[in-house]
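The values are calculated or read from the model by the stated rules, or taken from the named source; none is laboratory data. Here the structure is a predicted model, which means the values were calculated and not measured. Here the Cβ positions follow ideal geometry from the backbone for every residue, glycine too, while neighbour counts run over all protein chains shown. Only protein heavy atoms, including side chains, enter the accessible area calculation; ligands, DNA and RNA are left aside. Shrake-Rupley method; radii C 1.70, N 1.55, O 1.52, S 1.80 Å.
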Amino acid sequence: MRLLERNPRLSGLMLGLAVLALGGVRAQAQPDTLEISSTQPGSIAVFPKVISDGTRDTIISLTNTTNMMAFVHCEATNGIGECVGAPAGQTYYCNSDVDCDDVTDPTGAPLEDVGPCDISWQANDFGLILTAQQPTFWRVSTGRVQDPELLSGDACSTGGQSQQICPGFFLGDSQAGASILPAAGAFRGELRCFQVEDSSGALSTGNALKGEAIIEWLGETGEGAGQISAYNSLNVQGSGTAPAELFTANLDGVEYASCPESLTIDHLAPGASDPVSGADVEVELTFVPCTYDPLNPTSMRVLFNTYDMIEDPLSGGDTRACWANYTGSLDGALRDRATTYLRTTARATQTGNCTAGSADGEPCTADSDCGRGGFCFDNSCNGGSAIGWTCAADGDCGTGGTCGDPSGILGVAETIYTGSVVASSADVAHQVGTRETADSMSTSGDF
Amino acid sequence: MFCKAKLVSFAAAVALLGATVASADSDHDHPAGLLMYPKISVDVENGVDTRLHISNVSNNPTMAHCFYVNANSHCTNTGEVCDTFQDCNDSGIFGACVPGWIETNFDIFLTSRQPLGWLASEGLAGDELPCRATFLNPNPCGVNQGSNSGTRIPPISETPFIGELKCIEADQTTRLPVQCSGDNCPNSLTGKAAITSAELVDVASYRAAGLEQVLNDGDENLQIGGIDAEYEPCAEVLVMDFVYDGAIDPISETFEASSELTLIPCTQDFRGQTLPPVTAQFLVYNEFEQRLSTSRRVDCLLDSRISSIDTGSPTRSIFSVNVGGTITGQARIRGVGGGLAGVALLSLATDFTDPDSRVGWAAYALDTVVRTEDADTISLP
């Protein structure tokens, strides 16, 4: 990791050139309002759900939508854990302690609690260079390496190596030799790709990036192999001017777009039958914190409200660190509902604001300010050994932890259909409102 | 060295800025006052149906005035649904396959915060409504005691069916948008569609594209974009990332990829039943930044495998891996004569030219990189 200062003289020269050159040319328009968008390019492309765990694998597609070369620095964070109480020789992946409560051994026999779930939050980074208008992609389990002799063709291959070689032009991180390394072992987590100025890794707000994630089931033909779900990346738009900090994006609505105040998701009820195919339905809601620091996991505090078609609400809440993949129950708020079609609102709670109750969203100092059923949230530890716990000062949070407003959230919903084969479909969540509290996303600093 | 490269690339970029990105406002990410579901596909005989969702995210009841657009073509001799004249064989005599455009409108009354869903083949009405008003209980649901009374969603008019759905947030009495300005304009609707093949258990879902209301005079002409826009603009340029048709899927290293593209014009005259002439121009880039182009008329709705957009011979298409030479590409789609909206479907199959060999599919949204400066218009009956 290198720490480089932005050269003010060079920046000034570049700015001057830009102003002069653009005098008679149509300027590159910047967004009227900065948004985190799944259908407009941005300066940070966030893929909240990336899977490569032996049952599924993911293709990441990333495109430069501008006529300028784009340098990209990506951070992949693995949120997968292992149940530490598993019998010797057996591995059970988890995302929280709950996932270790109800597991079966390879013969299908139920096991006692094999928790807790141990998650290391491993972050890996790599760089890419995209030429003007260039689309590119890679497979997460293998990464990709450039082979100058395979410029054209219809297929990729690993050729006995760990990295996949594909036809095309793939300019990866020069330090690693034009390559993206394969995911180290099982991966369930997220990917964030930041547009940067150049090999210094300093952030850029060029709004060049967009992408898709395609999650594919593995297995034999006829057993669901080739079933795919896809979603668009969430692209954080920047202002077009140089960020105040070299390696940290300030999501305040001025430098970069603010995070949403809440998310809303239309979906089928878990446990219901798909109205067309009759397949059993499960729903996975995946959230990542808006605030991101690859060196220090961020907590997020999420409150769910799920409405069925007779407008009957049920709610639940949870605090997680780094990457949360909720399957099935969501504190019972989703399962066994009266109707097949549901809408779930997921809100990142803000310190000093009511969540739910008659004063929903209003400032507060105590639960009683929020009316019946409302909560007034305190500061919580973002990072540190007490991550997610209520705190009064940074010292309550352990080394590296800060006490403050918990992060906003971004999310993806995926529906799993189990019938004659397993299938899935995915969509990013709708966004409602914007947070008053600024979030931030940092890179590890190098290219 | 990188600084020099940066200067050179910057200078080159300045020269090319005429075609660079400008951000647009229409998107799929926020609740809106106008929803567009670009692809509704039903073929009951073959187990294909589309599940539709619409939700009200506000704390007040609202109403959506919706329009199914049937974009089927029909045979002049038999009246059957057709794709080409070859489908119009009546005892050895071939009729013409004539494109059609039929709209059916209906209303959906939503209680506060309510999600609603239905199958396109079945619709939703009467006893199936979740919040039915009765004489004894006229407002059975929710905190604001609303009901779905007045909702009658018809089934699509024929099967097989290919078409679109547009829903406009409207006044419950006039069925027209509410007169409003700025933050007072209601933008309460979210939507989603899931095209499902029951035979395979295969689901491709996408979120409806939303256009937020910014101003409305409450009349029957909805101005999308332009000066004094009532709704945020549609896209002039859409970007579709795609896997070249015929490319081998990099994960299975077995299946062949193919994609379908559906485009609809933003301008529609539901009152006069006329079609605006919109042309989609395609610039297709591979990983080498090599560019090829083609164009295609969008009459009412374009729904095509991408390698059939420019030719009848898919392996010769600019969307074919045989021509592109790389696995993925980027298509910039410019609407000439009006704005466009659309959705893409990626399929994996053992033979990409044979739809029956499909093993999986998924839908994803197209990105908007340039907004239209000219206004689109939707005229309501």
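Brief remarks on what is shown
- Looking only at segment A:238-264, and only at residues there that are in contact with an Asp or Glu (Cβ under 6 Å, 6 or more places away or on another chain) and buried (at least 23 other Cβ atoms within 10 Å of the Cβ), the one that is farthest from the other protein chains (Cβ to nearest Cβ): A:Leu251
- Consider segment B:316-367 and keep the residues that are charged (D, E, K, R) and crowded, with 21+ Cβ neighbours inside 10 Å. The one that is nearest to the chain's Cα centre (by Cα) is B:Asp367.
- Hits in segment B:204-216 (condition: of a type in the set (A, V, I, L, M, F, W, C) and either open to solvent by 10 Å² or more (accessible area, probe 1.4 Å) or in contact with a Cys (Cβ under 9 Å, 6 or more places away or on another chain) (or both)): B:Ala208, B:Ala209, B:Leu211, B:Val214, B:Leu215
- Check on B:Pro277, out of contact with any Gly (no Cβ under 7 Å at 6 or more places or on another chain) and more than 20 Å from B:Cys66 (Cα to Cα): no
- Some residue of segment A:199-215 being more than 22 Å from A:Lys49 (Cα to Cα) and more than 13 Å from chain B (Cβ to nearest Cβ): yes
- A:Asn232, sole failed condition from (1) more than 7 Å from chain B (Cβ to nearest Cβ); (2) out of contact with any Leu (no Cβ under 6 Å at 6 or more places or on another chain); (3) of a type outside the set (D, E, K, R): (1)
- Selected residue (only one of A:Gly383, A:Gly328 is modelled with pLDDT under 80, more than 29 Å from B:Phe109 (Cβ to Cβ), open to solvent by less than 20 Å² (accessible area, probe 1.4 Å) and in the same structural domain as A:Asp280 (by TED's automatic domain parsing)): A:Gly328
- Test: B:Phe282 is open to solvent by 10 Å² or more (accessible area, probe 1.4 Å) and either at pLDDT 95 or above or out of contact with any helix residue (DSSP H, G or I) (no Cβ under 8 Å at 6 or more places or on another chain) (or both): no
- The C-beta contact set for segment A:273-284 (first residue open to solvent by 10 Å² or more (accessible area, probe 1.4 Å), second residue of a type in the set (Val, Ile, Thr) and outside any loop (DSSP other than H, G, I, E, B), distance under 7 angstrom, 6+ apart or interchain) comprises A:Ser273/A:Val281; A:Val276/B:Thr196; A:Ser277/B:Thr196; A:Asp280/A:Thr418; A:Glu282/A:Thr327; A:Glu282/A:Ile416; A:Glu284/A:Thr327; A:Glu284/A:Ile416.
- Across segment B:217-236, the number of residues qualifying as open to solvent by less than 10 Å² (accessible area, probe 1.4 Å) and touching a Phe, Trp or Tyr at 6+ places or on another chain (Cβ under 8 Å) comes to 3.
- Residue among A:Ala356, A:Ala413, A:Ala426 that is modelled with pLDDT under 80 and within 14 Å of chain B (Cβ to nearest Cβ): A:Ala356
- Test: A:Gly85 is touching a residue at least 12 places away in the same chain (Cβ under 8 Å) and more than 27 Å from A:Ala45 (Cα to Cα): yes
- The lone criterion from (1) within 14 Å of chain A (Cβ to nearest Cβ); (2) open to solvent by less than 40 Å² (accessible area, probe 1.4 Å); (3) in contact (Cβ under 8 Å) with a residue 12 or more places away in the chain; (4) touching a Gly at 6+ places or on another chain (Cβ under 7 Å) left unmet by B:Val201 is number (3).
- Restricting B:Thr159, B:Thr151 to those that are among the β-branched types (Val, Ile, Thr), in contact with a strand residue (DSSP E or B) (Cβ under 8 Å, 6 or more places away or on another chain) and surrounded by fewer than 20 Cβ atoms within 10 Å (Cβ to Cβ) reduces the list to B:Thr159.
- Matching strands (runs of 3 or more DSSP E) fully within segment B:295-381 where at least 2 residues are of a type in the set (Val, Ile, Thr) and touching a residue at least 24 places away in the same chain (Cβ under 8 Å): B:328-336, B:367-371, B:376-379
- Against the test of being within 14 Å of chain B (Cβ to nearest Cβ) and among the aliphatic types (A, V, I, L, M), the options A:Val140, A:Val114 yield a single qualifying residue, A:Val140.
- Selection from segment A:293-313 of residues that are touching a Lys or Arg at 6+ places or on another chain (Cβ under 7 Å), touching a residue at least 40 places away in the same chain (Cβ under 8 Å) and open to solvent by 10 Å² or more (accessible area, probe 1.4 Å): A:Leu303
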